[in-house]
Amino acid sequence: VISEYLVGTTLKEVLDTGKVYKPEEAKQFISQILIGLIKVHPLDIIHCDIAPETIFITEQGEVKLLDFGATTANSKSLAIILKQGYAPEEQYRSQGKRGPWTDIYALAAVMYRMITGKVPPESVDRALSDEITEPSKLNTGISQSMENALMNALNV
């Protein structure tokens, strides 16, 4: 395996310092990842492991998505290590149907953490009783339209 040499830090390392992003900052950050996903999702390639530790920020401020295992939507492999709070419920089931929505859920969970400082509750727990707190109730300054989009992406 050959990969690009990167110098910088993971988003996890940044968030672990206690950094909380403003909603617009997080939107710009997440948009960089979405640009890449827009190119691979039509090819039936799903990342299936998006979390702060797989997002890298270079010294130049570029955002890179790491550990792209080229999983297809039809793959039934459960070899992926699920990241607590970031994995959608379909990844917990051997017959769970994966698709672009799998990555969108995980990316929305990352954005939720970026603006609230909190990891969202597990998707499988939320499927039984959804007790996720809207970012606006945590004084994030998020607009209603952005919150609607984020919470829709976090639907289980």
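The values are calculated or read from the model by the stated rules, or taken from the named source; none is laboratory data. As the structure is a prediction and not an experimental result, all values here were calculated from the model. In this analysis, Cβ positions are derived from the backbone assuming ideal geometry, glycine residues included, and neighbour counts consider all displayed protein chains. When the accessible area is computed, the model is the full protein with side chains, heavy atoms only, and any ligands, DNA or RNA have been set aside. Shrake-Rupley method; radii C 1.70, N 1.55, O 1.52, S 1.80 Å.
Things worth noting here:
To keep it simple, each residue is scored yes or no on (1) modelled with pLDDT of 95 or more; (2) within 14 Å of the chain's Cα centre (by Cα); (3) of a type in the set (S, T, Y); (4) not in a loop (DSSP other than H, G, I, E, B).
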{"residue": "Q32", "(1), (2), (3), (4)": "yes, yes, no, yes"}
{"residue": "V40", "(1), (2), (3), (4)": "no, no, no, yes"}
{"residue": "G69", "(1), (2), (3), (4)": "no, no, no, no"}
{"residue": "I80", "(1), (2), (3), (4)": "no, no, no, no"}
{"residue": "G85", "(1), (2), (3), (4)": "no, yes, no, no"}
{"residue": "Q91", "(1), (2), (3), (4)": "no, yes, no, yes"}
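- Residue match in the stretch 97-105 (condition: of a type in the set (S, T, N, Q) and at pLDDT 90 or above): yes
- In the stretch 121-151, residue least open to solvent (accessible area, probe 1.4 Å) [restricted to those that are hydroxyl-bearing (S, T, Y) and either assigned to a loop (DSSP other than H, G, I, E, B) or within 17 Å of E25 (Cβ to Cβ) (or both)]: T140
- Count of the stretch 27-56 residues which are over 16 Å from L15 (Cα atoms), in contact with a Ser or Thr (Cβ under 9 Å, 6 or more places away or on another chain) and crowded, with 18+ Cβ neighbours inside 10 Å: 5
- Among the residues of the stretch 109-120, those identified as surrounded by fewer than 24 Cβ atoms within 10 Å (Cβ to Cβ) and either closer than 12 Å to A87 by Cβ or touching a strand residue (DSSP E or B) at 6+ places or on another chain (Cβ under 9 Å) (or both) are V119, P120.
A quick yes/no check of all residues on (1) in contact (Cβ under 8 Å) with a residue 24 or more places away in the chain; (2) closer than 24 Å to I45 by Cα; (3) out of contact with any Asp or Glu (no Cβ under 8 Å at 6 or more places or on another chain):
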{"site": "E90", "(1), (2), (3)": "no, yes, yes"}
{"site": "G99", "(1), (2), (3)": "yes, yes, yes"}
{"site": "G117", "(1), (2), (3)": "yes, no, yes"}
{"site": "V124", "(1), (2), (3)": "yes, yes, no"}
{"site": "L150", "(1), (2), (3)": "yes, yes, yes"}
